[in-house]
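Undergrad: If you scroll down you'll find the structure; I have some questions about it.
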Amino acid sequence: MSTPLATPAFAAYDARPRAPVVSRRGSRARARATSRTVDDSDSDCDAEDDRAPDGARRRVLAALAASGAALGNVSKVDVASATPLRASMRATDRAGTATPASSARAPRPPGYAAMRDANVYHGAATMDRENRGLDGLLPSRAVNDEVELARARAALGQCESAFASYKQLVSLQTTDKRTFYQLLRADTADVLPYVYTPTVGEACLRFGTLVQRPHGLWVSLNDAGSVRRLVRNWPERDVKIAVITDGERILGLGDQGANGMGISAGKSMVYAACGVPPSALLPIQLDVGTNNETLLDDPLYIGLKQKRERSEAYDALLDELIVEIRDYFGPNTIIHFEDFAPRNAFRLLQKYYSAPDVVTYNDDIQGTAAVTVSGLLASVRALKGTNNDLTRQRVLFFGAGQANIGAAELFVKALVNRGVDEAEAKRRVWLFDSKGLVVRSRASELSDAKLPFAQDAPKETDLASAIEHIKPTALVGASAVPGAFTQKVVRAMSRSNDQPIIFALSNPTSKAECSAEDAYRWSDGRAIFASGTRSAPVEYSPTKTFAPGFANNAFIFPPIAIATILTGAKQVTPDMFLTAAEALADSVGDDLFRVGAVYPPVERVASSAVAVAAAVASSVDDSSTDTLDRWRELVRAYIIDNDLFDSASRL
Ligand code: NAI
């Protein structure tokens, strides 16, 4: 982040006079007018139906036939049987309730809307039934929150797969927020693996088949010029964190286009699990097309069916979105960039870091960096002998993308803070990308982000040979290359280290460089291991069971955000991330080291957030020397005050 980019495009959008907010009615009419210029035959379905039923029916049938052919599960559409289907569709209102067509305009009793409002509906614990017109719409025996929570647990317990659990939880979030967030906070360690990694990866892959999708804001290329209206359609007014993805690098799964919303929503749930109020969170999917041919061919794909936008239109749309977020929700709203591909991730971070009144970070670069450096700091404390000093470490980063370059930069910063000269600190860092070791003779093909780490060494394309040559003390994988840490690689690490530090951070599990079991087996139980998804305990011998740590960004980005909100920091600096890394590492004690963990268990994510947020806030606040305890109290108060879904009995 040393050389901020100039931001002419952003400044240009920012300085523009604002277009008035167009009403939904106006925009729909405009959209219809636009679509007619593209295809005159395409028009509002119901209106057309009345005027030319045959034409409309032909198009419905053609669409059904086309999707049936594409899906391979409808061999033939029967015109006669389709007719009653169409008629019954007309007699069905938008919420799916069958009503006589003639009564469609009759005002509904208020209880109807209340039942469908996730902020009001709370199962059999829904309050204020008479005033809300809910009498008779719910079973008469009212229960308290605990019973609804137990019901939600029971429903989750009946799910037969992780994906079914994801759907169950999203369904709960969209129908009964109170129970959902109570469950998320009470059973964080059980629920997070479904709504966040690893299951969220599967959810993104199957997003088109989901009928209950998590809520968020959808901003597409088609909305350029009208983003203001979209942002103002969001039902909450006190948003503090906007989690934006363009879906181009979803976990290790590549380009998932508009299906990336699963990730923005999942990260928002992690913030909520750590005490940020759900109303302060805004997940956003920027739909700028996809280059994923499978999605482009999929009739159920929910995004724009076009290749990714690579021109200035991409930047213009993002500029517009960020300015509108800032103008509506305020200049302190945090912009959290999530799962952008490296081509955009680094330049966008630099661009907005220096833009006025924009508070931003990229979790894949900076959050991962902090969690990785924290793991290295904790591992070093676990080392026996004289090597237990960060300044003695030499790290080989396998995969030279956002995660590992961010980690390499923060590791260098940590060494410099400990008195190591910057050039010397960089010599302790080795990168290995898809073409081998990052060395000076490859300078012409290296990106700006990799160049500062190019070493003066011969080319090497074999990882095990590179390890023999460099003798790193730590090997950190963030490459999404499954099985890259072979037996030969782990043995090479174990030959030059009594306790080789081996992190296989790629996720989901199918992308991991090696499993915990392999790392322990091939290192004869000597490795200090961490993974990018939760590993089951490994029974290494009758007397030794490992419960390795999980390098989870969830330990970093929520406390960073809480500290930023509470201090009103105008920038989220690398120093704040390093402080977070140190505070997280400090929270790992001997009890965890004994089972081989260098991170706290996920069960502690919320309590850890208090300690880490307090440390970061205190480092930002230089108004007093004795601030840590005070900040701990302030963070706790923030979390409790904002606990809109406390579990007190409501009867
Ligand atoms: P990225 O796409 O920015 O980088 C991937 C890197 O791997 C590129 O430098 C590429 O050249 C390299 N690579 C590809 N094939 C290779 C090969 N055969 N040999 C060596 N290098 C190769 O992706 P990013 O954001 O760095 O993420 C990488 C992985 O790390 C993903 O699976 C991601 O989900 C995971 N990750 C895990 C985190 C965690 O555990 N907390 C946090 C962030 C990312």
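Undergrad: Has segment 223-244 got any residue that is open to solvent by 10 Å² or more (accessible area, probe 1.4 Å), within 16 Å of the ligand (Cβ to nearest atom) and in contact with a helix residue (DSSP H, G or I) (Cβ under 9 Å, 6 or more places away or on another chain)? Show your work before the answer.
TA: Step one: of segment 223-244, the residues open to solvent by 10 Å² or more (accessible area, probe 1.4 Å) are 223-226, 228-230, 232-238, 240.
Okay, now just the ones that are also within 16 Å of the ligand (Cβ to nearest atom), so none.
No; the residues of segment 223-244 include none that is open to solvent by 10 Å² or more (accessible area, probe 1.4 Å), within 16 Å of the ligand (Cβ to nearest atom) and in contact with a helix residue (DSSP H, G or I) (Cβ under 9 Å, 6 or more places away or on another chain).
Undergrad: Please work out if S268 is of a type outside the set (V, I, T), surrounded by 24 or more Cβ atoms within 10 Å (Cβ to Cβ) and closer than 23 Å to T564 by Cα.
TA: Working: of a type outside the set (V, I, T): yes; surrounded by 24 or more Cβ atoms within 10 Å (Cβ to Cβ): yes; closer than 23 Å to T564 by Cα: yes.
The answer is yes for S268.
Undergrad: At pLDDT below 95, within 30 Å of P331 (Cα to Cα), within 23 Å of the chain's Cα centre (by Cα) and not polar (S, T, N, Q): which single residue out of A606, A554, A583 fits that description?
TA: On the way: A554 fails: at pLDDT below 95; A583 fails: at pLDDT below 95.
After applying the criteria, what remains is A606.
Undergrad: Moving on. Suppose we filter segment 525-548 for residues that are out of contact with any helix residue (DSSP H, G or I) (no Cβ under 7 Å at 6 or more places or on another chain), more than 9 Å from the ligand (Cβ to nearest atom) and either open to solvent by less than 10 Å² (accessible area, probe 1.4 Å) or assigned to a strand (DSSP E or B) (or both); how many remain?
TA: 4
Undergrad: I'd like the full set of residues that are part of a helix (DSSP H, G or I) and away from the ligand (no atom under 16 Å from the Cβ), limited to segment 410-430. Let's see the steps before the verdict.
TA: Let us first name the residues in segment 410-430 that are part of a helix (DSSP H, G or I), namely 410-417, 422-427.
Hits for segment 410-430 are V412, K413, A414, L415, V416, N417, E422, A423, E424, A425, K426, R427.
Undergrad: Here's something else I'd like to know. For segment 249-277, name all the residues that are assigned to a loop (DSSP other than H, G, I, E, B) and more than 15 Å from the ligand (Cβ to nearest atom).
TA: Filtering segment 249-277 for residues assigned to a loop (DSSP other than H, G, I, E, B) gives 249-256, 274-277.
Hits for segment 249-277 are C274, G275, V276, P277.
Undergrad: Then there's this: Looking only at segment 379-398, count every residue that is within 13 Å of the ligand (Cβ to nearest atom) and open to solvent by less than 10 Å² (accessible area, probe 1.4 Å) and tell me the total. If you could, list the steps in order and put the result at the bottom.
TA: Here is the first cut: in segment 379-398, the ones within 13 Å of the ligand (Cβ to nearest atom) are 396-398.
Filter once more, keeping what is open to solvent by less than 10 Å² (accessible area, probe 1.4 Å): 396-397.
Within segment 379-398, residues that are within 13 Å of the ligand (Cβ to nearest atom) and open to solvent by less than 10 Å² (accessible area, probe 1.4 Å) number 2.
Undergrad: Tell me which residues, restricted to segment 425-458, are surrounded by 20 or more Cβ atoms within 10 Å (Cβ to Cβ) and modelled with pLDDT under 95.
TA: A449
Undergrad: Let me ask something else. Filter segment 208-248 down to the residues that are part of a loop (DSSP other than H, G, I, E, B) and charged (D, E, K, R), then identify the one that is farthest from F180 (Cα to Cα). Full working, then the answer.
TA: Residues of segment 208-248 that are part of a loop (DSSP other than H, G, I, E, B), as a first pass: 210-216, 224-226, 232-240, 246-248.
When the remaining residues are screened for being charged (D, E, K, R), the result is 213, 232, 236-238, 240, 246, 248.
Values: R213: 14, R232: 25, E236: 18, R237: 21, D238: 20, K240: 20, D246: 27, E248: 29 Å.
It comes out as E248.
Each row is one residue, and each column tells you yes or no for (1) within 16 Å of the ligand (Cβ to nearest atom); (2) farther than 22 Å from L377 by Cβ.
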residue: I405; (1), (2): yes, no
residue: A408; (1), (2): yes, no
residue: R440; (1), (2): no, yes
residue: S447; (1), (2): yes, yes
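Undergrad: Would you confirm, using the coordinates I've provided, whether I501 is of a type outside the set (K, R), within 16 Å of the ligand (Cβ to nearest atom) and more than 33 Å from the chain's Cα centre (by Cα)?
TA: No.
Undergrad: What pairs can you find where one residue is in segment 500-513 and closer than 19 Å to E468 by Cα, the other is open to solvent by 20 Å² or more (accessible area, probe 1.4 Å) and part of a strand (DSSP E or B), and their Cβ atoms are less than 7 Å apart, with a gap of 6+ or different chains?
TA: Going by the 7 Å Cβ cut-off, the qualifying pairs are E513/F398.
Undergrad: How about segment 324-347: which of its residues are surrounded by fewer than 23 Cβ atoms within 10 Å (Cβ to Cβ) and either near the ligand (Cβ under 10 Å from one of its atoms) or assigned to a helix (DSSP H, G or I) (or both)?
TA: Passing the criteria: E324, R326, D327, Y328, F329, A341, P342, R343, N344, F346, R347.
Undergrad: A follow-up question, please. Can you confirm whether T573 is free of Cβ contacts under 8 Å to residues at least 12 places away in the same chain, closer than 20 Å to V620 by Cα and over 20 Å from the mean Cα position of the chain (by Cα)?
TA: Details: free of Cβ contacts under 8 Å to residues at least 12 places away in the same chain: yes; closer than 20 Å to V620 by Cα: yes; over 20 Å from the mean Cα position of the chain (by Cα): yes.
It is true that T573 is free of Cβ contacts under 8 Å to residues at least 12 places away in the same chain, closer than 20 Å to V620 by Cα and over 20 Å from the mean Cα position of the chain (by Cα).
Undergrad: Considering only residues that are open to solvent by less than 10 Å² (accessible area, probe 1.4 Å) and away from the ligand (no atom under 15 Å from the Cβ), look in segment 352-378 and name the one that is modelled with the lowest pLDDT.
TA: A355
Rundown of residues vs (1) closer than 24 Å to D389 by Cβ; (2) open to solvent by less than 40 Å² (accessible area, probe 1.4 Å); (3) not in a strand (DSSP E or B), yes/no style:
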site: L475; (1), (2), (3): yes, yes, no
site: A484; (1), (2), (3): no, yes, yes
site: K488; (1), (2), (3): no, no, yes
site: S494; (1), (2), (3): yes, yes, yes
site: Q499; (1), (2), (3): yes, yes, yes
site: S510; (1), (2), (3): no, no, yes
site: E513; (1), (2), (3): no, yes, yes
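The values are calculated or read from the model by the stated rules, or taken from the named source; none is laboratory data. Small disclaimer: the values here were computed from a predicted structure and weren't measured. Cβ sites come from the backbone with ideal geometry, for glycine too, and all protein chains shown count toward neighbours. To get the accessible areas, we keep the full protein, side chains included, count just its heavy atoms, and leave off ligands, DNA and RNA. Shrake-Rupley method; radii C 1.70, N 1.55, O 1.52, S 1.80 Å.
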